[in-house]
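Just below is one structure, and these are the notes that go with it.
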Amino acid sequence: MTEQALSRVALPAHIEIVEVGPRDGLQNETFIMSTAQKVDMISRAIAAGARRLEVASFVRADRVPQMADAEAVIASLPNLPDTIYIGLVLNEKGALRALETPIHELGAVAVASDSFAMKNQGQTADQSLDIACRIVSLAQQAKRRGQITISAAFGCPFEGEVSPEKVISMAKRAAASGAREVALADTIGVAVPAQVSRLVAQVAEAIAPVPVRIHLHNTRNTAVANVWAAVQAGATVVDASLGGLGGCPFAPRATGNVATEDVVYMLERSGVATGMDLARVIETVDWIKRLMNRELPGMVSRAGIFPPATLKS
Ligand code: ZN
């Protein structure tokens, strides 16, 4: 192959996976796991290779009963030197609550469209970013890590298309605030690969050297293709959820987050290291299925590993 042809198929050697099943996944499921079951799930994910995990959200327990035990979960987690636990925080009150715990990293959220931001939190897009930047600075003052996710970055359930320029300018402000990483989230699962390639490349260039993370939902069956597009366009961190746990609040019958096992299979077999052991990821997904007594949307956990020789005993 020529140099030029090779450069078109260039892939990163390594991608970091953030396991979001214990928070984003469970928060959008009707099944409520006990604290002990959540800790078990997180420990199994760590045993499968996860080193950065979203484990709780500091939101009102009356609104999100699935996350009511955030403090108890964090207090029970194994304290490992190379493992980062993330707590989702939507406002200053949540940040202060999170900082009372030993959580390593706060994940803040800004919303790319005014209508979505207004409906969710009663704010404009810019106001949601102001609060996210404030959360990052609170995290820094407390010597913790802080990052910002821009949600509805690829489409809004109320406004339709979202302006890429708006997302890029928000990402720049997020990076300038000291966020250690900026994520683009396809909250409602409408993104397609060409759009992901363009927006990830533009944002990565605009905020370099701050890394771009990608958060994708498989609502319209494009999530794995979108992960591929994002990785080729310069995203270095990918959110994924064991089994594809987590629905979509705007499409009740739709599937949720892209499944960890599907992302790990695709990347590892393509020569991109994830640090995850696929066989153990699938064992963990099977454990969740037995616990919830239902099938989950991830596909590789149903079809199995290929080639079979990669199965570890
Ligand atoms: Zn999600």
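Things to note:
- Shown for Ile84, Ile103: other C-beta atoms within 10 Å of each C-beta, ranked fewest to most, produce the order Ile84, Ile103.
- For Ser115 and Ala208, the FRET efficiency from 1/(1 + (r/R0)^6), where r spans their Cβ atoms and R0 equals 41 Å, is about 0.85.
- Farthest toward positive dipole pole in the chain [+1 Lys/Arg, -1 Asp/Glu at C-beta], among Thr149, Val300, His104: His104
- Legend: calculated FRET efficiency, Glu295 to Arg60, from the Cβ-Cβ distance at R0 = 30 Å, rounded to 0.05, equals 0.45.
- Net lengthening on full extension, Lys166/Arg180 (0.36 nm per residue, minus Cα-Cα): 3.0 nm
- Additional length obtainable on full extension of the chain from Ala13 to Leu96, 0.36 nm per residue less Cα span: 26.1 nm
- Ordering Cys156, Cys133 from the fewest to the most neighbouring beta carbons within 10 Å gives Cys133, Cys156.
- Amide H to amide H, with H built 1.01 Å from N, Thr236 comes under 5 Å of Val212, counting only residues 5 or more places away or on other chains.
- The alpha-carbon of Lys38 sits under 21 angstrom from the alpha-carbons of these lysines, leaving out residues fewer than 8 places away in its chain: Lys289.
- Burial ordering of Leu106, Leu80, Leu245, Leu291, fewest other beta-carbon atoms within 10 Å first: Leu80, Leu291, Leu106, Leu245
- Dipole-positive endmost among Ala259, Ala179, Thr274 within region 166-313 (Cβ charges, Cα centre): Ala179
- With both residues required to sit in the chain, DSSP beta bridges show an antiparallel share near 5%.
- Taking the Cα centre of the chain as origin and assigning +1 to Lys and Arg Cβ atoms and -1 to Asp and Glu Cβ atoms, the resulting dipole is close to 160 debye.
- Fully extended contour minus Cα-Cα distance, from Phe158 to Asn221, at 0.36 nm per residue: 20.6 nm
- Kirkwood hydrodynamic radius over Cα pairs of the chain, then Stokes diffusion coefficient at 20 °C and 1.002 mPa s, in µm²/s: 111 µm²/s
- Mean residue ellipticity, 222 nm, helices only, the chain: the sum of -39500 (n - 2.57) across DSSP H runs of n ≥ 4, divided by residue count and rounded to 500, is -12000 deg cm²/dmol.
- Choice from Arg23, Arg290, Arg198 showing the highest fluctuation, given a GNM over the chain with Cα pairs closer than 10 Å: Arg290
- Rounded to the nearest 20, the size of the Cβ-charge dipole of region 184-313 about its Cα centre is 260 debye, with Lys and Arg at +1 and Asp and Glu at -1.
Rule-based calculations on the coordinates, nothing more; no lab input. For clarity, every value in this text was computed on a predicted model and none was experimentally measured. Note that each Cβ is placed from the backbone with ideal geometry, even for glycine, and that neighbours are counted across all protein chains shown.
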